[in-house]
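Report on the structure given below.
Each value in this text was obtained by applying a stated rule to the coordinates, not by laboratory testing. All values derive from a computational prediction rather than experimental measurement. Counting neighbours? That spans all protein chains shown, and the Cβs are built from the backbone with ideal geometry, glycine included.
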């Protein structure tokens, strides 16, 4: 397959039409092997790293993935219904799933031990979700639906209620939580034309092709988006004044004008950004070049301001080294489950439940539902930052070490 720039990608297939080799522009190659049932059994990447796949006898469902670094992930099933019941990660932690008789998930227990249970109505719509905390506490969220199965009311664990309303076409008209109501308007083509919240309103207008063309902000400023014949963004205007202009070729942005600054973008034969240069009135202002390894990982950045940066990766494409010509050299280690373990210093081999407990002199504490609630650092861990969440696990307050609280 040859693209409009002459870059050639080659595909090789076996006698039954399965892809066995992919040769990318530049010669990098990926190879694939299959079993008698057409299931992929091995994948060799551009650097020769091999990932292997095994399948449960008689089920043709993946039972084990052998990673290129020798680690493995295992999958187990309910043989009668062919439902996934357990995933064991690279460090032996398990993620468990249980099901209702109709095949819907009844309960899941994450790698960190967090348990969540689900109840459904007769139509299979979620009716209740119960989150179980490590301390025995529960957070129960209930859902009510109309005859079409659309969510019309959500009752949160703290008793708060959120109501939803729809028009005859099924478009969401309003969301009411008792604090800041949201309301929406649509045109005859079911495109969003207005969003209302409190005193603020956003209004949207579209061109003949259905692309967003006009945006009126709450302060009455007007933003206009103009597109070329190919549908690419041409200019962005604020109250009639051009903010940015764009030039696309073959679907890729080649130039962007912002005031007196002109950005140029160049791509390699695999359509990855290779260079970004900024000029100001024909004077070169800044340039950055990107190079990649055979697997597509970023290998080098050459920056006219910050110098040269080199990056190295392990067989699973995780960053292991960053060398900076004008800064410190960084080294990174990972545990088998992919958690970052160290930054130029040794660390524990296992991060239980994928929760970071210690990083340098920083210690982290979590609540019964796995939310970060406290960061302790400094001498005697006396510098403390605390975090508070609502019943939906959304961050609502941060208490800083100086005693000030941000909400």
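Per-structure values
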| item | result |
| --- | --- |
| 11 Å reach of a label modelled at residue 3, 7 Å along Cα-to-Cβ, counting backbone N of region 263-307 | 267-274 |
| The chain, relative contact order in percent, only Cα pairs under 8 angstrom and at least six apart counted | 7 |
| Residue exposure sequence - 88, 241 - by fewest surrounding Cβ within 10 Å | 241, 88 |
| Percent RCO, i.e. relative contact order, over region 7-47, from Cα pairs under 8 Å lying at least 6 residues apart | 27 |
| Length-normalised contact order of region 220-287 in % [C-alpha pairs under 8 Å, at least 6 apart] | 16 |
| Spin-label pair residue 377/residue 266, simplified geometry with 7 Å Cα→Cβ offset, distance in nm | 4.0 |
| Gap separating the Cα centres of region 46-121 and region 194-261, nearest whole Å | 45 |
| Contour excess over end-to-end distance, with Cα ends at residue 177 and residue 78 and 0.36 nm allotted per residue | 31.5 nm |
| Reported label for calculated semi-axes √(5λ) of the Cα gyration tensor in Å given [x] 44, 22, 17; [y] 45, 22, 20; [z] 38, 37, 30 | [z] |
| DSSP beta bridge pairing in region 356-407, given as percent antiparallel to the nearest 5 | 100 |
